[in-house]
Structure formats: C-alpha cells, structure tokens
Amino acid sequence: MKVVIVGGVAGGMSAATRLRRLDESAEIVILEKGPYVSFANCGLPYYVGGEITDRSKLMVQTPEALNARFNLDVRVNSEALSIDPEAKTVTVKSEDGTYPLEYDKLILSPGAKPFVPPTEGLEEATNVFTLRNVPDVDAITEYIEQNRPEKATVIGAGFIGLEMAENLHHRGLDVTVVEMAPHVLPPFDEEMAAYITKELEEKGVKLYTGVAAESFEEEGHVVVLQNGERLESDLTLMSVGVRPESKLAETAGIETGMRGGILVDEYYETSESDIYAIGDAIIVKQQLTGEDTMIALASPANRQGRQVADVIAGHERKNKGSIGTAIVRVFDLVGASTGLNERQLQQAGKEYKAVHIQSKHHAGYYPGAETIVLKLLFHPETGDIYGAQAVGKEGVDKRIDVIATAIKGGLAVHDLPELELTYAPPFGSAKDPVNMAGYAAINIVEGFSDTAQWYEVEELQENGWTLLDVRGEEEIANNGEMPDAVNIPLNDLRGRLDELDKHQSYLVSCHSGQRSYIAERIMKQNGFTVKNLDGAFALYSTVKPENIHKKKDEIKNV
C-alpha cells in the first residue's frame, strides 16, 4: 500500500508515524511545500520575543531523522499542484521539476493560512507580516534586527495576535492592538475578556476595539482605521483569523463547506474515495451542538492524524468531534476556555445559566496564592456542562483541563464536587475551584439561588430592584461603591432585616458572590424576593469600572 500525505506538522506527521507503527510494509510519502516538515508553530511568537532563543528548538524533526526512525519518504519544497482522483495521482512541483505521484490512499493535511482581507494600500506595504511558519518568523525577526522598529501594530486580538503583542512588547516595541470585535479574545465572553484587556492596558499596550483597519498609507507605515484615526506603525502583523488551505481539494472536485473547509465523514474520508483529510482544513462537528464548525488547534489535528492512520490500517476509529479547548498567556495573566461561550449558546438556541466563582489556585494560607476567576456555563435544569472560561495568574490550565475532561466524559455540574483532585497547600485547595463551581451551579439548578448577571444590573434597577451591598463600609470605601447601592454588612443583616421592605425586590452583592449568597439565603427564608449578583462587585467593576465610585462620604446606609 502506498500512502501519500500532503502536509506535515501536527496532523500529517502524526498520521505518517502512526501508520508506520501499524504497517511496516506501507510506502509512505510526505509532501511539504515549505522547507520544514515538522516544526513547533505554536512556539513561533516566543521566538520573536526571545523566550525561545535557539531557532533549532523550533524544529521538531528533520526529514533525515524521520527517514532513519520511521522509514518515511519526506519530500520538502514539494508542492502538490493537483489531484486526479480517477487516476489516483498527485501532480507534484519540486526543485527538480514537476512529476506525477501515484497513491493508493491520499491524506490531505494542508492546514490553514492567515486570512488577509483585501485592504487598500496593502500591496505597497513593506512592513506588514503574517505568522504561520518558520519562514514567516524568520522574515519578522530579520526585519526587526535590520530596521529596529519602534512602533508595532497588531491587527487582530485573538490568541496569536495577543501572543505576538506580548512578545513584540518584550522586544521593546511600543505595541498597539486593533480588533474589529467589541472586545479582545472574541472566543471569550465580554466580562472574562475584560480581565485580559485590563492586563494589556496595565502593561502599556494600546487597544482599539470595535474598529477595523481600513487602509495602509506610506508603504504601510501608517495604518488608517475606520474611525479615521491614523496609527504610525513601523511593523504591522495581520492576525485576523485563518482560512483552510482547501484550493487543492476544491480543484480535485472534493466537496467543501463553510468557509471552504473540506467536508469529511466520521472516518475522515472526503467525497472522493480513498482521499482523506485532517487538521485545520476540515469541517468537524462541535461535539456539544452537533453543528459544523472549524477548530484550528494542534491537539485535535494530532488526534485526527492518529485516527486516520488507524482507519487506513483497518482499525475502526471515528471522529467524535471537538469542543475547542484553548489557552493563552498575556503577560502575567492566563486565559483559557473550553466548550461553548454565551454567544454560541444563544446562536444554538440553548437554554443556559452562568455562574462565576473566585478562588485561589492553591490554599489561601500558603504563600503565593493567586486568584482564579472561573465561569461555568450549564443547562439550568439538567446541569449538563456546556463550557467554561477562566482567567488568573496560576492554575488556570489545570481547572479548564479538568472541566474539558468532564465535558468529554459526559459529566454534569452535580459531578464536579465529586471529583477528587490532588490537594496539598502548595498545589491546590481542599475544595478546588472546580468543586466550588459545581457547588455554585448546583445551588442554581436545585433552586437554592437565583442569580443575575453583570449586564442585568441597570435593567433591574430601572425596574425597581434595590441593589443591596453586604460588604463592610471600610471595604466599600477602599475598593469602590456600586451604583445606587444601599449597604448593610452581612454580619449585621439578621439584626437589621426589619429595616428592609418585603414588598421590595433586592439584588444582593458582595465582593465575589459568596457572602451575597449567604445574604440571599437569609433573606429568602425571611420572606424577601432576592437575586444574587453573580460574580458580584469584583466582576462588575472589571467590566464597568466607569460605574464605580470611590467616595467614602457618599456611601449609602439604610
């Protein structure tokens, strides 16, 4: 059996090496149109920033090493120009000319390319780059070393855009980020992305959100925004998203779908028999909704490569879909997500509830404990977990990984407190943030708590609800006052219930939501109508800092 694989890196190389372990007799040819068949593309921003100092560390494997260990015929600088499904041949263009290559099975792993929207003046720009592969990173680092740019503009505030913003800042550049969406990290919900925004601004990165780059002038050294503002830019990185490299498949008559992604069945076979496709170029099923989606991440691509090799070798493996688990470091803060966000849930027409908790990444009494803000999205009746997002300085990866595993395993919020996670003071807490998120969600599912979200505060107040802040007066004076709030400290609440009106509805808040939940339980059992402000002051003040007042003499008392 002769298997030809178009494209290396994560998916293609995983397929090749797995297939060799399963079939020693197969002839396996890998075509890579670039000079490097196996490299750490996720590490490229950190090479730009200087954290990875040795360029050779970006090269995971060489053709020579792959041939020696796995007997693979790796052909770099060899581009697949066309496919003839009837003749089962691929036309290949190499440094030595063009030739046909026969196959019994063909695997397409072309990946995705940066999407560069047509922009006036872009063709004349000499300082605009994208980042996908090693030649791209070489071009960026060479430009920096030769031209010593002082100002950089990153267009796009997704994962790669923010990683590059951080690393260009580390190189000493004055960085501006432009994002067309209303907030940075569009896969995150607004209030969670607000923590990342705050971190960027504190580090001196300038942000423009809700606006796009309209044109380039002066050979790219001026970026003109839609709102008319003009940004001086010595170096610009385009990072507005990716599109599948599906032209080869399309010209061969292979069916494609959304955004040109290659359509495959549950065994990764395309509409043409004996032609398979994997990685960033294919359409997968969002496991939580069953809908078509595209997830350009290394982990699914590696898994798909291994599975398609199993299929070709005669071992049944099905593509179960993906949930999209990702993480990013932005200076001293980490953001991670898994599953669906609120926008996706609304688009899918799913009923859901959200809960935010704040907890320490390890025991609070042990030195160095850092706060994690964890958001959990779930069905309000069944408790099925839809997604989670978290931000913090430490321990974010662990919590999102646990919840991603819970989603894949079909667990519900009732199962989260049952998870027995490692605990010792330097590593965790006896009640881990994941356990606590489960407890908080169960309270909502079982009716012990009714919550309101940060974006509902003003509407509730307009409808006659009273915002009751149960923090202490000194705490309010030091940290700020919620808009039009009255104050009764939690420890005084039981003794002052007669000062409240049972005909009035109350929205209760504290710092994180824990004390206000206690207040909610006290008041409900005494006949009051109450909602707990989910995430409370800490979350609200992060998203809407302009609404927070810090005047001690204006604190309202009942």
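Once C-alpha pairs closer than 8 Å and six or more residues apart are averaged by separation and normalised to the residue number of segment 1-50, the relative contact order reads 46 percent.
Restricting attention to the chain, close to 55% of DSSP beta bridges with both partner residues there are antiparallel.
Over the chain, calculate the relative contact order: mean separation of alpha carbon pairs under 8 Å at least 6 apart, over the residue count, as a percent.
Details: 1221 pairs, mean separation 61.0, N = 558.
Relative CO of the chain lands at 11 percent.
For segment 154-254, carbon and sulfur atoms together expose 47% of the accessible surface, with a 1.4 angstrom probe and every protein chain in place. Taking segment 311-403 as the region of interest, the number of lysine pairs whose Cα atoms are within less than 18 Å, with members eight or more places apart or on different chains, is 7.
What's the percent breakdown of Cα-Cα distances in segment 394-526 across 10 Å bins, shortest bin first? P(r) over segment 394-526, rounded to whole percents: 10, 33, 30, 21, 5.
3J(HN,Hα) couplings calculated from phi for segment 267-279 with the Karplus curve 6.51 cos²θ - 1.76 cosθ + 1.60 (θ = phi - 60°) are, in sequence order, 9, 6, 7, 7, 5, 9, 4, 6, 10, 10, 8, 9, x Hz; Gly and Pro show x.
Site pair Val211 and Glu102 shows an inter-label distance of 6.2 nm when each label is modelled 7 Å from Cα along Cα→Cβ.
Taken over segment 3-160, lysine pairs spaced eight or more positions apart, or on distinct chains, with alpha carbons under 28 Å apart number 12.
For segment 325-368, the square roots of the Cα gyration tensor eigenvalues, ordered a ≥ b ≥ c, give a/c of at least 1.5 with a/b no greater than b/c, which places it in the oblate category. Amide hydrogen proximity for Thr256: with H placed 1.01 Å from N in the peptide plane, the residues at 5 or more positions away or on another chain lying under 5 Å are Leu263. Annotation: average projected area of segment 198-267 is 8.6 square nanometres, based on the convex hull of Cα atoms across all directions.
Per-atom-type breakdown for segment 343-485 gives carbon and sulfur 46% of the accessible area (1.4 Å probe, protein chains only).
Couplings for segment 44-49, taken from phi via the Karplus curve 6.51 cos²θ - 1.76 cosθ + 1.60 with θ = phi - 60°, read 4, x, 7, 6, 4, x Hz in order; Gly and Pro are left as x. Between helix 159-170 and the chain there is an angle of about 90 degrees, using the helix long axis and the longest principal axis of the Cα atoms. Near Ala363: Cβ cut-off under 11 Å, other residues only, Lys/Arg at +1 and Asp/Glu at -1. The net charge is +1.
Note on Lys247: aspartates and glutamates with a C-alpha under 16 Å away, same-chain residues under 8 apart excluded, are Glu32, Glu79, Asp84, Glu255, Glu272, Asp280. Here the chain is assigned +1 on the Cβ of each Lys and Arg and -1 on the Cβ of each Asp and Glu. Its dipole about the Cα centre then comes out at about 1440 debye.
With 24 Å as the limit on Cα-Cα distance, the pairs of Lys206/Lys544; Lys502/Lys550; Lys206/Lys550 that go past it are Lys502/Lys550; Lys206/Lys550. All other residues whose Cβ lies under 14 angstrom from that of Val37 are scored, Lys and Arg at +1 and Asp and Glu at -1, for a net of -1. Computed from the Cα positions only, the extents of segment 92-218 along the three principal axes stand at 56, 37, 29 Å, in decreasing order.
Using the Cα centre of segment 1-107 as the reference point, and only Cβ charges (+1 on K/R, -1 on D/E), how large is the resulting charge dipole? Debye, rounded to the nearest 20. Walk me through the numbers on the way to the answer.
Working: 12 positive and 15 negative charges, 65 e Å.
Computed charge dipole of segment 1-107: roughly 320 debye.
Any idea what the dipole of segment 193-284 comes to, in debye rounded to 20, about its Cα centre with Lys/Arg Cβ at +1 and Asp/Glu Cβ at -1?
Roughly 340 debye for segment 193-284.
Ranking Tyr439, Pro63, Ser94 by how far each Cα lies toward the positive end of the dipole of the chain (charges on Cβ) leaves Tyr439 at the top. Given the C-alpha centroids of segment 454-487 and segment 118-136, what is the distance between them in whole angstrom? Here the answer is 48 Å between Cα centres.
State which stretch of the chain is the longest one without any exposed trypsin sites (Lys or Arg not before Pro), exposure meaning a DSSP loop state and at most 13 other Cβ atoms within 10 Å.
1-317
If you model the chain as an ellipsoid using its alpha carbon gyration tensor, with each semi-axis the square root of five times an eigenvalue, the axes come out at 49, 29, 20 Å, biggest first.
The chymotrypsin sites (Phe, Trp or Tyr not before Pro) found in segment 324-374 that occupy coil by DSSP, while having at most 14 further C-beta atoms within 10 Å, are Tyr365. For segment 95-192, the set of GluC sites (Glu not before Pro) satisfying both a DSSP loop assignment and a count of at most 11 other C-beta atoms within 10 Å is given as Glu95, Glu123.
Counting only alpha carbon atoms, the long axis of helix 134-147 and the longest principal axis of the chain meet at about 70°. Accessible area per residue for segment 115-166, computed on protein heavy atoms with a 1.4 Å probe, is 46 Å². Once the Cβ-Cβ distance of Thr91 and Asn227 is raised to the sixth power relative to R0 = 41 Å, the FRET efficiency obtained is 0.30. Projecting label points 7 angstrom from Cα along Cα→Cβ for Tyr439 and Ile327 puts them 2.5 nm apart.
Tally Lys/Arg at +1 and Asp/Glu at -1 over every other residue whose Cβ is under 9 Å from the Cβ of Arg306; what's the total? Surrounding charge for Arg306 is +2. Between the listed residues Thr126, Ala390, Thr141, the Cα displaced farthest toward the positive end of the dipole of the chain, a dipole computed from Cβ unit charges relative to the Cα centre, is found at Ala390. The angle separating the long axis of helix 396-408 from the principal Cα axis of greatest extent in the chain is about 80 degrees.
For segment 378-530, what relative contact order do you get, as a whole percent, if you take Cα pairs closer than 8 Å and at least 6 residues apart?
It rounds to 17 percent for segment 378-530.
One compactness figure for segment 166-324 is 1.34, namely its Cα radius of gyration divided by 2.2 N^0.38 Å.
Average the reciprocal distances over every distinct pair of alpha-carbons in segment 33-82, invert the result, and give the Kirkwood radius in Å. Numbers along the way, then the final one.
Values: mean 1/r = 0.0818 Å⁻¹.
It is 12.2 Å.
Loop-located chymotrypsin sites (Phe, Trp or Tyr not before Pro) across segment 99-177 with a Cβ neighbour count of 16 or fewer within 10 Å are Phe115, with loop assigned by DSSP.
Taking only the alpha-carbon atoms of segment 341-425, what semi-axes of the equivalent ellipsoid follow from 5 times the gyration tensor eigenvalues under a square root, in whole Å, largest first? Show your work: numbers first, answer last.
Details: eigenvalues 129, 42, 20 Å².
Whole-Å semi-axes of the equivalent ellipsoid: 25, 14, 10.
Could you do me a favour and compute the accessible area per residue for segment 287-424, 1.4 Å probe, result in Å²? Walk me through the numbers before you get to the answer.
Numbers: 5960 Å² over 138 residues.
Result: 43 Å² per residue.
3J(HN,Hα) couplings calculated from phi for segment 58-73 with the Karplus curve 6.51 cos²θ - 1.76 cosθ + 1.60 (θ = phi - 60°) are, in sequence order, 6, 8, 6, 8, 10, x, 5, 5, 5, 5, 5, 8, 10, 6, 9, 8 Hz; Gly and Pro show x.
The values are calculated or read from the model by the stated rules, or taken from the named source; none is laboratory data. What you are looking at is a predicted structure, and each value in this text was computed from that prediction instead of being measured. Note: ideal-geometry Cβ built from the backbone for every residue, glycine included; neighbour counts use all protein chains shown. Ligands, DNA and RNA are stripped out before the accessible areas are found, and what is left, the full protein with its side chains, is counted by its heavy atoms. Shrake-Rupley method; radii C 1.70, N 1.55, O 1.52, S 1.80 Å.
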